[in-house]
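Trainee: Input: one structure, supplied below.
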Amino acid sequence: MTTDQILEKILSNTFTKNDCFKKLAVLQDFLDTQSYGGESKGAALTAALKSRYENTDDRPVAEAVAAWGEEVIAFLMKESSHELQSIKSRVAALPELVLYLPTALHEDHVAALGAWCRDAVDAQVLLEIHVDSSSAGGCFFVWKDLFYDFSLSYFMLKRDTEIRAMLAHHEKTYVH
Amino acid sequence: MFVFAAGVALALIVLLAMEFYNSRRVNKLTYPVYEYALKRAEEEANRIVSQARAEARALVESAEAESVKLTTAHQREDDAAQQAYQSALQALLSRFENQIKVAADTADEANKRISAEAVEALKAQAHAAQEVQAQSLQATTAEMAKRVDERFAAAFAAAEKEVAEYARARKDLIDARIFELIGETMKIVFQKNLPSEVHMQLVRLALEEAKANKVF
């Protein structure tokens, strides 16, 4: 298995950098326990991973890691921690889209947004999401070190003439 | 030795006695002569002094008489000279007065003649200038009135234009502020009232707009 293939598996269900590093940390933790005489050597690694985090807060993360497949986990367990470090470095170097959203979104919505970005922006883009209430009606984002405002302000400016015409009409009808 | 000393002392005493006796006798003889000589010298001195006094008195008297005589003579000469000077001065003054009078009369006549001519000429000039002034004043007044009217009209037009510009600018400013307020209000409303799915859709729309604008 190559690093690119592993990266592809990781990116299949990971859309933000934070999420990615969290998953890699859980995987690292699991691999460490397996290396130093883990619980069940005979059982499937994915099952072992899920059962290790069964009653913890990291259960959804562990399930997401398990979804990468037995092959990935076995490969990383066989290789030294150097491979995992290399993957972390590759992840850190992936293109990043910093989004400023008016409210926190559910992870399904984040996944949907992430999928759209993979299609429209970059096949390996990762999101970094912040909450900023002044971005309501759209969003702000930073792409390639440039800040863009596509919030309500942008759309209002785009229709500036129409809105002013409406204001003028309102003034004539209700004020004078 | 004692005898010698006694002899010397005795001799000395005798000498002293003789000296004393002789001087008394000389004094008795010489004193009156001295007094006589003194008296005679005094008398001679007095005589010389009184003679000198008399001579001096005589000299002073003669000098006084001479000075009085001289003073009187000088006074007479001065008076005569003063009188002659006064007469000459008077004559000169009279001559000057006559000359001045003649010159003044001549100047007066000439003045009168020139004044009359000048007055006539000035009157004529003033009259002509008055006419010219009246004409130019009329023309200037008309011109000024026309210019003032034009200026006022231009100033009014400019003021009206400025007022219209100002009103438009203020209106634009107010519109911009209303615009801003509407935006801010809508953002607050969106944030508070819209469900998460709608936010997600709006974010998608924003990203699609960005893609359409070739940001990505």
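Just so it is clear, none of the values below were taken in a lab; they were calculated from the coordinates. Just so we're clear, the structure is a prediction, and the values are computed from it rather than from any experiment. Note: ideal-geometry Cβ built from the backbone for every residue, glycine included; neighbour counts use all protein chains shown.
Trainee: Please state which one of B:VAL163, B:VAL148 is away from chain A (no Cβ under 14 Å), within 60 Å of the chain's Cα centre (by Cα) and in a helix (DSSP H, G or I).
Mentor: Answer to the check: B:VAL148.
Trainee: Within the set of pairs 6 or more residues apart or between chains, which connect a residue that is within 18 Å of A:VAL142 (Cβ to Cβ) and at the interface with chain A (Cβ under 7 Å from one of its Cβ atoms) inside the stretch B:202-216 to a residue that is surrounded by 15 or more Cβ atoms within 10 Å (Cβ to Cβ) and hydroxyl-bearing (Ser, Thr, Tyr) with Cβ atoms less than 7 Å apart?
Mentor: Filtered contacts from the stretch B:202-216: B:ALA210/A:TYR148; B:VAL215/A:TYR148.
Trainee: Would you confirm whether or not the stretch A:12-25 contains a residue that is under 30 Å from A:CYS139 (Cα atoms), of a type in the set (S, T, N, Q), within 14 Å of another protein chain (Cβ to nearest Cβ) and part of a loop (DSSP other than H, G, I, E, B)?
Mentor: The answer is no; no qualifying residue exists.
Trainee: Looking only at helices (runs of 4 or more DSSP H) that lie completely in the stretch A:62-176, which have at least 1 residues being in contact with a Gly (Cβ under 6 Å, 6 or more places away or on another chain)?
Mentor: Where helices (runs of 4 or more DSSP H) fall fully within the stretch A:62-176 and carry at least 1 residues being in contact with a Gly (Cβ under 6 Å, 6 or more places away or on another chain), they are A:152-158.
Conditions (1) surrounded by 12 or more Cβ atoms within 10 Å (Cβ to Cβ); (2) more than 9 Å from chain B (Cβ to nearest Cβ); (3) in contact (Cβ under 8 Å) with a residue 24 or more places away in the chain; (4) not β-branched (Val, Ile, Thr), marked per residue:
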| position | (1), (2), (3), (4) |
| --- | --- |
| A:GLU79 | yes, yes, no, yes |
| A:THR103 | yes, no, yes, no |
| A:HIS130 | yes, yes, yes, yes |
| A:LEU146 | no, no, no, yes |
| A:GLU162 | no, yes, no, yes |
| A:LEU167 | yes, no, no, yes |
| A:LYS172 | no, yes, no, yes |
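Trainee: Here's a check for you: in the stretch A:105-116, which residue that is more than 7 Å from every other protein chain (Cβ to nearest Cβ) and touching a residue at least 60 places away in the same chain (Cβ under 8 Å) is farthest from the chain's Cα centre (by Cα)?
Mentor: Restricting to residues being more than 7 Å from every other protein chain (Cβ to nearest Cβ) and touching a residue at least 60 places away in the same chain (Cβ under 8 Å), the top hit is A:ALA115.
Trainee: Also: A:ASP122 is checked against (1) farther than 30 Å from B:ILE188 by Cα; (2) touching a Leu at 6+ places or on another chain (Cβ under 6 Å); (3) within 11 Å of chain B (Cβ to nearest Cβ) and fails just one. What number does that condition carry?
Mentor: Every condition holds for A:ASP122 apart from (2).
Trainee: Using beta carbons and a limit of 8 Å, which pairs, at least six apart or on different chains, have the first residue in the stretch B:175-194 and within 7 Å of chain A (Cβ to nearest Cβ) and the second one outside any helix (DSSP H, G or I) and hydrophobic (A, V, I, L, M, F, W, C)?
Mentor: Here the result reads B:MET186/A:ALA136; B:LYS187/A:ALA136; B:PHE190/A:ALA136; B:GLN191/A:ALA136, each pair linking the stretch B:175-194 to a residue that is outside any helix (DSSP H, G or I) and hydrophobic (A, V, I, L, M, F, W, C).
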